[in-house]
Structure formats: C-alpha cells, structure tokens
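Scroll down for the structure; my scribbles are underneath it.
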Amino acid sequence: MSAVTITPAIVVIDDVPEGIGTLEWLQSAVGGYVQAVSLGTDRVLWIGEDGKHCQPLHPMATLLARRLEAIDPADWIAGVAVITGTTPDGSTAPLTGEQLHQTTRDLVHALKAKAATAS
C-alpha cells in the first residue's frame, strides 16, 4: 500500500506505515494543519493549510489539481502535498495499486499538457 508525496522538487512514492489515515501522520507529512483537496471519488490531495503563507509554489501539485479541476484555474498550491486514497465511507486510506497507477498517469498527463502549452 502506498501514498504519493510530492515536494516542490520531487515525487516520492512511499510504502507507508500503519497510521496513514491519522491526522497526526498527515500533519507530519505536510508540516502543519492539513487541508483536503478532493481528486475525484477515491483520492485526496492533502496540503498544508498555511502553505501559501510560508512555503514555495508547488508547480507539480498545482498542475495536477488544475488538470483534475480540483482547484480554480487561478489558484495554486504551495509546500508538500500528499495523495492518499479514500474508502467508500470517506475514510483516508493508502492508495490501492489502481489508484497509484491512475495518480501516475494523471501526473504524466499534467506534465505533458504543461509542456504542450509552453512550446
């Protein structure tokens, strides 16, 4: 089971320890209070609530969230972001293999779309 941690510089796919769904784990991962950004019905992008005030712009997470229409086109994300899965009842859970695969596809498509508009 996995979660995707996206820092402004790198994407890290981690096997996660027990406790991924806990508030403490998420706060530790993003460095403070968390804000949930829904990426559809089965994934959540967790970001630092105060990230815009003290963290650098996060281009990859911003591209991904815009591509999935999870944020307004003028909005942006700063700081570390973590993508987790959700259970049918809405609880936070590690990404399944299919969710991890979809997240990887979404990240690649976001980068390709950005490259296409840059050229």
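The values are calculated or read from the model by the stated rules, or taken from the named source; none is laboratory data. Computed from a predicted model, the values in this text were never measured in an experiment. We place every Cβ from the backbone using ideal geometry, glycine too, and count neighbours over all the protein chains shown.
Considering only segment 79-93, I want to know if a residue exists there that is modelled with pLDDT of 90 or more and in contact with a helix residue (DSSP H, G or I) (Cβ under 8 Å, 6 or more places away or on another chain). No: segment 79-93 contains no residue that is modelled with pLDDT of 90 or more and in contact with a helix residue (DSSP H, G or I) (Cβ under 8 Å, 6 or more places away or on another chain). Is it fair to say residue 100 is outside any loop (DSSP other than H, G, I, E, B), within 11 Å of the chain's Cα centre (by Cα), buried (at least 16 other Cβ atoms within 10 Å of the Cβ) and modelled with pLDDT of 80 or more? No, not satisfied. Taking residue 48, is it crowded, with 19+ Cβ neighbours inside 10 Å, more than 13 Å from residue 110 (Cβ to Cβ) and in contact (Cβ under 8 Å) with a residue 12 or more places away in the chain? Criteria met by residue 48.
For segment 103-119, a residue qualifies if it is over 17 Å from the mean Cα position of the chain (by Cα) and among the β-branched types (Val, Ile, Thr), and exactly one does: 117. Within segment 71-88, restricting attention to residues that are within 12 Å of the chain's Cα centre (by Cα) and part of a strand (DSSP E or B), the residue that is surrounded by the fewest Cβ atoms within 10 Å (Cβ to Cβ) is 78.
You will find that of 95, 64, 68, the residue that is surrounded by fewer than 19 Cβ atoms within 10 Å (Cβ to Cβ) and either in contact (Cβ under 8 Å) with a residue 24 or more places away in the chain or of a type in the set (Ser, Thr, Tyr) (or both) is 68 and no other.
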